[in-house]
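Every number in this text was worked out from the coordinates using simple rules, so none of it is lab data. Keep in mind that what you see is a predicted model, and the values were worked out from it rather than measured. Every residue, glycine among them, receives a Cβ derived from its backbone with ideal geometry; neighbour counts consider all protein chains shown.
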Amino acid sequence: MRVLVCGGAGYIGSNMTAMLAREGHQPVVFDNLSKGHREAVPNVQFVLGDFGDFNFTLEVLQKYSIEAVMHFAAFIEVGESVQEPLRYYENNVSKTRTLLAAMEKAGVSKFVFSSTAAVYGMPDTIPITEDVVKVPINPYGETKWVVERMCHFLCQTGRMRYAALRYFNACGACGNGTIGEDHHPESHLIPLIIQAAMGRRENIKIFGTDYPTDDGTCVRDYIHIEDLCKAHLLALKKLDNNTELVYNLGNGTGYSVRQVIDTICKVSGKDFEVVETDRRPGDPPVLTADASKARAELGWTTDYPELQTIIESAWKFHNDHPNGYED
Ligand code: UFG
């Protein structure tokens with residue numbers, strides 16, 4: 001299938017592009033390189049541009065006879081979204097509306113959307129199922145939820161079919177460690193701890209040690225990037241016979257910030273300074289997935305559920321790219 005990968009130079013998009021190509025699809029990467037890295041894109045068609053530009057996006061969809069769109073291009077930082085909500089609404093909502101309008105005009109109906117566990121806010125029941133009430137507690141989660149609703153209503157018109165995949169904490173690097181996580185500035189826990197272990201950062205800060213969890217630090221469900229991408233392929237296939245799909249993607253096991261730090265100490269064999277600081281605004285205490293729906297309906301299985309395996313792959317990527325990607 002000819003798949004437009006919006007944000008295909010980013011962390012998840014570039015891994016997805018590699019997997020699509022490996023599986024015999026024809027991905028076309030569409031990225032403005034505001035966050036992504038050209039170097040992360042495998043040897044496939046690359047288009048430099050912005051999905052917020054209706055005319056250009058329409059041209060790209062038509063030129064490459066695109067049959068489906070996978071949309072990874074978004075601002076993703078919870079803390080930043082709290083500080084700058086309008087930028088998040090502009091990039092994540094307004095521009096996605098433009099992308100959907102271009103798809104509608106071009107007659108491209110299949111859409112696989114990167115959503116997030118942040119749509120749930122602070123749910124009462126853990127692990128989280130898809131039908132839990134959505135009350136996002138930060139602009140990031142809200143913008144993703146708005147797009148899901150937009151897709152839902154567009155789907156009702158019969159002019160689109162979509163899969164919203166709600167990621168828990170995506171992490172790790174692809175099998176050979178060549179495609180991994182490199183954000184500027186970095187804000188995600190695992191790469192930050194690895195930087196501390198490599199001596200590229202003075203210390204790692206724990207944001208909050210008074211959460212109602214076993215060790216007082218936040219608990220998250222870490223899911224390997226390859227497992228995450230695998231679910232996208234299955235969802236894309238299932239869109240042949242379905243119009244609206246929504247799945248949580250996580251392992252269902254929670255690890256605290258302290259457990260992640262300990263695992264990275266073990267994998268790296270390095271010691272580094274850990275500083276306890278205040279909570280980061282917008283962080284829910286615990287997010288773990290009930291992903292049984294994806295397992296049952298997509299036949300999705302995870303190959304790398306162990307935190308240590310995930311971290312080993314990330315550690316390899318960071319050691320192979322000590323300063324991140326070059327462009
Ligand atoms: N954390 C620290 N110190 C740091 C960085 C993070 O203690 O230096 C903590 C955070 O407070 C949080 C946990 O580590 O409790 C994980 O933080 P990340 O920033 O790595 O990830 P988030 O859980 O905030 O968000 C990630 C993705 C979102 C996604 C969400 C869903 O970035 O896109 O997971 O669970 F929505």
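Within region 152-193, which residues are buried (at least 24 other Cβ atoms within 10 Å of the Cβ), within 9 Å of the ligand (Cβ to nearest atom) and assigned to a loop (DSSP other than H, G, I, E, B)?
Matches in region 152-193: F168 only.
Can you name the residue in region 254-289 that is acidic (D, E) and not in a loop (DSSP other than H, G, I, E, B) and, of all such residues, is nearest to the ligand (Cβ to nearest atom)?
E276
Any idea how many residues of region 5-25 are more than 21 Å from I190 (Cα to Cα), in contact with a Phe, Trp or Tyr (Cβ under 8 Å, 6 or more places away or on another chain) and not in a loop (DSSP other than H, G, I, E, B)? Don't jump to the end; show me each part of the working.
We begin by selecting, within region 5-25, every residue more than 21 Å from I190 (Cα to Cα); these are 5-8, 17-25.
The next check asks that each one be in contact with a Phe, Trp or Tyr (Cβ under 8 Å, 6 or more places away or on another chain); those that pass are 5-8.
Still in the list and also not in a loop (DSSP other than H, G, I, E, B): 5-6.
Of the residues in region 5-25, 2 are more than 21 Å from I190 (Cα to Cα), in contact with a Phe, Trp or Tyr (Cβ under 8 Å, 6 or more places away or on another chain) and not in a loop (DSSP other than H, G, I, E, B).
For residues that are within 13 Å of the ligand (Cβ to nearest atom) and under 15 Å from K293 (Cα atoms), scanning just region 211-251, find the one that is surrounded by the fewest Cβ atoms within 10 Å (Cβ to Cβ).
Selected residue: N251.
Considering region 194-210 alone, what residues qualify as being more than 8 Å from the ligand (Cβ to nearest atom) and more than 22 Å from the chain's Cα centre (by Cα)? Let's see the steps before the verdict.
Filtering region 194-210 for residues more than 8 Å from the ligand (Cβ to nearest atom) gives 194-203, 209-210.
Those that are more than 8 Å from the ligand (Cβ to nearest atom) and more than 22 Å from the chain's Cα centre (by Cα): A196, A197, M198, G199, R200, R201, E202, N203, T209, D210.
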